Amino acid sequence: MKSKRQLIYLGICFTLLIGGCQHNKKKIISKEEKNIYRDIFTKEEKTTGTAEFNLTENVKIDAQVTPIDKYKNGLKKFYMKHYFETKDLNDINEFMKKPTLFGKDLSVIMSMLSEKLSGKFYKKPRFDAYDNKAKEIIARSTFQDKNGNLYTFNTSWGTGDDRYGYDKGVYCPIMYIRLEEKSKAMSTQIEHKILQYLKDFKNMEVSFIKDKRQTGEELKDYLEKLLGRDLSDTWDCIPVTEESIVALNNVYQTDITHLESKQEYCSYRYYYDVKGFPYTESYLSYQLKEGETASKLARMSTPNNTLIGLCNPSIMCHLSKEGIIALDINNIRMEGDVYKEAEQVVDSNAILNKIKIFYEKQILIRPVTVTEVNIVYTGYFTDGNEGEIQPTVAPFWRVKVYNNDSNGSQFFFYDAFTGEAIVEGITAME
């Protein structure tokens with residue numbers, strides 16, 4: 001009896017052992033299984049707006065994707081218009097007596113800046129405009145914070161240009177206020193390099209900012225009140241620190257970047273909002289075809305037959321451990337009347353397929369990573385077969401791809417309605 005029990009027990013153990021081995025074999029992932037590729041976003045990815053998978057052997061998707069709920073009911077396309085302080089001005093001197101900036105009295109804007117920067121203007125604005133033929137009005141002043149640091153204040157308005165359709169208007173204000181000594185160390189060139197070459201710059205810490213997101217949202221709220229316009233929820237925090245500089249030098253494999261005066265700072269970049277999407281400064285071009293004509297406004301940025309989309313520069317706020325060291329803000333262009341009512345938007349999977357086709361034609365030495373498949377608005381044009389071409393604010397699918405090497409990042413733009421490629425694989429679009 002005992003011998004029989006032992007045989008049964010051994011049999012059970014052997015069965016379990018074999019079963020366990022077979023089970024473990026199923027957990028071993030073969031090389032072929034690791035290289036599983038797909039060229040569509042799942043329903044969950046299209047809903048949540050994040051995706052991570054392999055598109056091809058050398059193209060990885062690790063991207064933010066515009067959620068389908070944001071565009072499933074279609075998007076509108078708008079005529080572009082410029083921002084005006086006033087459209088009817090007979091005498092520039094009248095405006096300078098009671099100037100407005102971003103739709104508020106200039107004195108109100110200066111008070112808001114004084115409160116935010118903890119100081120005061122100790123000089124009244126000095127205006128430069130000599131007669132009604134002037135194309136620009138400029139106001140200058142000096143600001144001093146509570147620690148005695150001096151800031152340069154400068155604001156300007158355009159006036160009297162018939163390209164805008166008015167010869168008596170005051171429009172497109174631009175303003176900056178900068179801490180004179182500290183702002184000299186800032187470098188927009190380095191900021192652009194960080195955006196172009198460092199895929200993980202968003203994860204870098206900034207020692208003098210406790211919470212980058214909270215600080216960014218607080219600045220956004222303040223700027224919206226100052227400007228009187230909504231800013232997009234899409235914004236960037238660009239750290240110009242020892243960590244980011246070292247990372248840049250590692251990409252270049254040479255010491256071509258450095259921090260002036262060893263000053264670390266961080267730049268927050270914001271865009272105006274267009275119906276829940278950022279109005280980016282992408283400057284897409286359009287080549288006039290034979291027989292097509294364009295308005296003065298559409299031609300304002302080019303002397304030839306290559307039209308450049310009219311955009312609004314991003315809003316910049318620069319911080320160091322001393323606080324805000326510079327603000328560069330403007331209110332220039334925005335969406336105007338509706339040019340095209342809501343049209344169906346090409347699905348993100350169609351855009352993904354275009355990216356796949358593009359890279360199947362390339363010889364990739366290193367893998368690349370798609371980090372963004374998002375809808376943005378930017379400057380473009382009306383259809384050439386509808387008469388004189390006018391500037392518009394139009395939606396596009398924008399794809400950003402990091403090359404993981406010294407070539408930096410590349411951008412792809414596709415018409416949101418047709419999927420037509422406007423530009424593919426171009427660099428330096430930030």
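Surface analysis of region 320-430 yields an accessible area of 39 Å² per residue, using protein heavy atoms and a 1.4 Å probe. Among the listed pairs LYS46/LYS321; LYS76/LYS210; LYS182/LYS202; LYS104/LYS400; LYS72/LYS225, a Cα-Cα separation exceeding 28 Å is found for LYS46/LYS321; LYS76/LYS210; LYS104/LYS400; LYS72/LYS225. When a/c reaches 1.5 or more, the comparison of a/b and b/c decides; with that in mind, is region 251-405 rounded, prolate or oblate per its Cα gyration tensor? Since a/c reaches 1.5 but b/c is at least a/b, the shape of region 251-405 is classed as oblate.
Stretching the chain fully between THR302 and GLU217 yields a gain of 26.9 nm (0.36 nm per residue, less the alpha carbon separation). For region 325-430, the fraction of 1.4 Å probe accessible surface lying on carbon and sulfur atoms is 44 percent. Taking a ≥ b ≥ c as the square roots of the Cα gyration tensor eigenvalues, with a/c under 1.5 meaning rounded and otherwise prolate when a/b beats b/c, else oblate, which class fits region 276-365? Since a/c reaches 1.5 but b/c is at least a/b, the shape of region 276-365 is classed as oblate. If the segment from ASN353 to ASP62 were pulled out straight at 0.36 nm per residue, it would be longer than the present Cα-Cα gap by 103.2 nm. Of GLU44, GLU424, the residue with the largest accessible area leads and the full order is GLU44, GLU424 (1.4 Å probe). Label positions at GLU180 and LYS321, each projected 7 Å from the Cα along the C-beta direction, are separated by 2.4 nm. Loop-located chymotrypsin sites (Phe, Trp or Tyr not before Pro) across region 81-151 with a Cβ neighbour count of 13 or fewer within 10 Å are TYR122, TYR130, with loop assigned by DSSP. Here's how it looks for VAL274: its modeled amide H is under 5 Å from those of TYR279, which are all 5 or more places away or on a different chain.
Estimate the FRET efficiency between GLU115 and GLN362 by the formula 1/(1 + (r/R0)^6), using the beta-carbon distance for r and 60 Å for R0, to the nearest 0.05. FRET efficiency, GLU115 to GLN362: 0.70. Between HIS192 and LYS275, the simple spin-label model (points 7 angstrom out along Cα→Cβ) gives 3.1 nm. At a 1.4 Å probe radius, carbon and sulfur cover how many percent of the accessible area of region 78-128? Exposed carbon and sulfur together represent 46 percent of the surface. Taking a ≥ b ≥ c as the square roots of the eigenvalues of the Cα gyration tensor, region 190-327 is classed as oblate, since a/c reaches at least 1.5 and a/b does not exceed b/c. Would you mind checking the pairs LYS296/LYS340; LYS120/LYS199; LYS199/LYS262; LYS60/LYS220; LYS199/LYS354; LYS87/LYS275 and listing those with alpha carbons more than 28 angstrom apart? In this structure, LYS120/LYS199; LYS60/LYS220 lie more than 28 Å apart at Cα.
In region 319-408, one over the average inverse separation of all distinct C-alpha pairs is 17.3 Å, which is the Kirkwood hydrodynamic radius. According to the Kirkwood relation over distinct C-alpha pairs, the hydrodynamic radius of region 49-97 is 16.3 Å. Residues in region 201-217 carry Karplus couplings, in order, of 4, 5, 8, 6, 7, 10, 4, 9, 10, 5, 9, 4, 5, 4, 4, x, 5 Hz; the curve used is 6.51 cos²θ - 1.76 cosθ + 1.60 with θ = phi - 60°, and Gly or Pro positions show x.
The values are calculated or read from the model by the stated rules, or taken from the named source; none is laboratory data. Just so you know, these numbers come straight off a predicted model, no measurement behind them. All Cβ positions, even for glycine, are placed from backbone atoms using ideal geometry, and neighbour counts span all protein chains on display. Note: accessible area is taken over every heavy atom of the protein model, side chains too, but ligands, DNA and RNA are not part of it. Shrake-Rupley method; radii C 1.70, N 1.55, O 1.52, S 1.80 Å.
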